[in-house]
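The values are calculated or read from the model by the stated rules, or taken from the named source; none is laboratory data. What you are looking at is a predicted structure, and each value in this text was computed from that prediction instead of being measured. Cβ placement follows ideal geometry from the backbone for every residue including glycine, while neighbour counts extend to all protein chains displayed.
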Amino acid sequence: MTTSNSLSRNEIRHVIRQKRQSLDETTQQQQSQRLASSLLNHPKVLTAQSIAIYLTNDGELNTDKFIHACWAQNIKTYLPVLHPFSKGHLLFLHYHEHTIMQRNKYHILEPKLNVLDVLPLEQLDIIFTPLVAFDKTGARLGMGGGYYDRTLSKWYAQKAKTNKPYPIGLAHDFQQVETIPSEHWDIPIPEIITPNHQFKFY
Ligand SMILES: Nc1nc2c(c(=O)[nH]1)N(C=O)[C@@H](CNc1ccc(C(=O)N[C@@H](CCC(=O)O)C(=O)O)cc1)CN2
Ligand SMILES: Nc1ncnc2c1ncn2[C@@H]1O[C@H](COP(=O)(O)OP(=O)(O)OP(=O)(O)O)[C@@H](O)[C@H]1O
């Protein structure tokens, strides 16, 4: 990794995170509704039984309305939980209206760990991934922990077999940038959805 690369990745993170943190609540609610409406017509969602999603943090595109719509349609929803021993890795736990929640070290709400609620990655139909920025090639930049890079690398390694879970990035339109300086561990994702566009990369 070169210093200039890491600086510009950090600069992108800084600029885009500031922008999304400054969104007002009305805009967030409108975008959440638009997202839910478009996702509910998505062919992969229409046939999904279990999906991984995230709870909005740091001004991310709000997923609340979509999550509730999934529950109404009997689509099971799973949330990322920081792995208790395996640093940098995520588990995906069932999230329903009675789930006991707690805050992780980043102050993001996550289901309280219970092994009975964990679903192996390959049993999820779709993994909706949060991101800070994406570019025209499908490169994604996250918060900097490498959590989704590690998760997606497991998907990538086994994708010839099952292609499950199908990754879809979610973002505000302004999170698209010209180019993300790539690192060797980055896994480009096949599809990114914003309130106004659907991008398919391969
Ligand atoms: N909604 C949501 N949930 C998610 C993620 C995400 O991007 N969005 N993650 C995606 O990976 C994982 C958490 N990764 C994160 C990595 C860094 C920071 C963060 O805020 N870092 C602060 C410093 C916080 C601290 O150390 O106290 C910062 O960079 O300013 C947050 C989450 C799992 N859950
Ligand atoms: N597949 C992987 N295996 C091991 N380490 C990895 C892997 N992917 C990323 N990392 C490590 O994670 C750290 C953070 O990576 P990076 O800055 O690209 O995360 P990010 O894409 O912003 O975050 P996220 O993927 O959680 O959204 C890097 O130091 C990198 O070495």
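Would you confirm whether any residue within segment 43-57 is in contact (Cβ under 8 Å) with a residue 24 or more places away in the chain, within 16 Å of ligand 2 (Cβ to nearest atom), over 21 Å from D125 (Cα atoms) and not in a strand (DSSP E or B)? Yes, the conditions are met somewhere in segment 43-57. If you go through segment 125-134 and keep only what is under 22 Å from F92 (Cα atoms) and within 15 Å of ligand 1 (Cβ to nearest atom), you end up with I127, F128, T129, P130, L131, V132.
Does S50 satisfy the criteria of being touching a helix residue (DSSP H, G or I) at 6+ places or on another chain (Cβ under 7 Å) and of a type in the set (G, A, S)? In short, yes. Output the residues belonging to segment 125-146 that are within 15 Å of I51 (Cα to Cα) and either within 16 Å of ligand 2 (Cβ to nearest atom) or outside any loop (DSSP other than H, G, I, E, B) (or both). Selection gives I126, I127, F128, T129, P130. All of S32, S37, S4 fail the test of being in a helix (DSSP H, G or I) and modelled with pLDDT under 95, apart from S4.
On inspection, H107 passes the criterion of being at pLDDT 95 or above and over 25 Å from Q49 (Cβ atoms).
Look at segment 20-35: where a residue is closer than 21 Å to I168 by Cα and a partner is part of a helix (DSSP H, G or I) and not polar (S, T, N, Q), sitting 6+ places away or on another chain with Cβ atoms under 8 Å, you get R20/F174; S32/D64; S32/K65; S32/F66; Q33/K65; L35/K65; L35/F66. Candidates in segment 82-92 are the residues that are part of a loop (DSSP other than H, G, I, E, B) and in contact with a helix residue (DSSP H, G or I) (Cβ under 7 Å, 6 or more places away or on another chain); of these, the one that is farthest from S50 (Cα to Cα) is G88. What number of residues within segment 151-175 are closer than 24 Å to I16 by Cβ and touching a residue at least 60 places away in the same chain (Cβ under 8 Å)? Going through segment 151-175 one residue at a time, the tally reaches 7. The sole residue among E122, E178 that is more than 9 Å from ligand 2 (Cβ to nearest atom), in contact (Cβ under 8 Å) with a residue 12 or more places away in the chain and in a loop (DSSP other than H, G, I, E, B) is E178. Residues in segment 99-142 that are of a type in the set (K, R) and within 21 Å of P84 (Cβ to Cβ): R103, K105, K112. As for segment 93-106, it holds at least one residue that is under 20 Å from K154 (Cβ atoms) and either assigned to a strand (DSSP E or B) or more than 15 Å from ligand 1 (Cβ to nearest atom) (or both).
Within segment 168-176, one or more residues are within 22 Å of K65 (Cα to Cα), of a type in the set (V, I, T) and surrounded by 14 or more Cβ atoms within 10 Å (Cβ to Cβ). Do you know which residues across segment 107-122 are among the charged types (D, E, K, R) and near ligand 1 (Cβ under 9 Å from one of its atoms)? Of everything in segment 107-122, just one residue is among the charged types (D, E, K, R) and near ligand 1 (Cβ under 9 Å from one of its atoms), namely E110.
For segment 135-184, a tally of residues being more than 17 Å from the chain's Cα centre (by Cα) and within 16 Å of ligand 1 (Cβ to nearest atom) returns 2.
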